[in-house]
Structure formats: C-alpha cells, structure tokens
1. What is the Cα convex hull volume of segment 44-178 when expressed per residue in Å³?
2. Output wanted: per-residue J couplings in Hz (rounded whole) for segment 133-139, from phi through Karplus 6.51 cos²θ - 1.76 cosθ + 1.60, θ = phi - 60°, x for Gly and Pro.
3. Calculate the length of the line joining the C-alpha centroid of segment 86-125 to that of segment 147-168, in whole Å.
Amino acid sequence: MKMYAVHVTCSALVGLLIGCSQETSTPAASDQSNLNPAPAVDGSKFLLTAEPEGASDVIKVREDASDGDDVVIAGRIGGSKNPWIDGRAAFSIVDASLKACSDIPGDQCPKPWDYCCETTKLPNAVALIKVVDEGGDLVKADARELLEVKELSAVIVKGKAKRDDAGNLTVLASGVYVKK
C-alpha cells in the first residue's frame, strides 16, 4: 500500500512539473503573420431585417427549383450531427414539416437537430445553404458567428438555386432572415 501511495504521488508530481514547465514559444519574425487573425466579416450585410415574402419550404423548393432560379426558402438549421461547414458561412436546413427530436415529448436525444427520428424523410427535405459575397464566393466566416444562429434556428434564405448531378439542392444565399 505504501508503494502504491508513493507511485501515485510521484506520477502526480511529474504531471504537474510537465504541465507547469511547458514554455510558450514566441513566433519568429517570419511567423508574425500568424499573429494577425483574418479580418472579421460584417454579417449585417447578409442579414435581412424584414421577413421576405413568398418563402417556400425546403421540400417544395427541392421539387420545383431549377439550377439558377431565384428562390426564397424556409427551414431550420440541422439535418446532421454537425450541420455546419466549419470556418465558412455554410450550413444545412431541414423542411419545417419534419420534427426535430426536441419536438417529440419525452425524447432525450443529445443532438435533436440531427433529425434522427426522421431519417427516412430527411434525404428529400434538406438543402445546403452557402452565404456568398457579391462575387459569388463563399464567405470565409463561421455562419454561427456571422449570422448569430445555432442548431434549430429557423431561417428564411434568399438566393439562387444550384443543383448537382444527383439532384441535391444548394442555395447560394444573398440574404438570410433569422426568425425569432
């Protein structure tokens, strides 16, 4: 028992010494560019202050929109365990007719935005939203910070439909209205 106590004490002291002795290195002059984070993007130019009229649900837009059509689409952020593209203004939305696990009384799902209770309906009820700048390029800022949204936020998005060969829908968003 005495040997066990000595071993535990020594292990704890070594852990403390290693943790406390780690030095923080200062980047060399050539690495100074890493100290300056990328400039923040002003999200207000992408946020719509009024709810756009004529919004259609995700399922309807998936059925009706052709590549290049102007669309106004409504849904909730989710559709997977991680509906975000980290570091970019892109996320997936789900048709409002589907229930998130948190909409089901008594469901204790830790990530209700993944719509795991609706998996058979999900493939035809999801759209990818990409917030793009005036040049059509994806905004290089995290959507959560840019638009002040989170999982299950209800949004209405104005933009252009983009279809891939498999029929998946992406909306190149010029504006996003976040419902309160």
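A short reminder: the numbers here are calculations on the coordinates, not readings from a lab. Since the structure is predicted, the reported quantities are computational estimates derived from the model, not experimental observations.
1. Numbers: hull volume 14.6 nm³, N = 135.
Output value, Cα hull per residue: 108 Å³.
2. Working through the residues one at a time gives 7, 4, x, x, 8, 4, 5 Hz.
3. Using only Cα atoms, the two centres lie 14 Å from each other.
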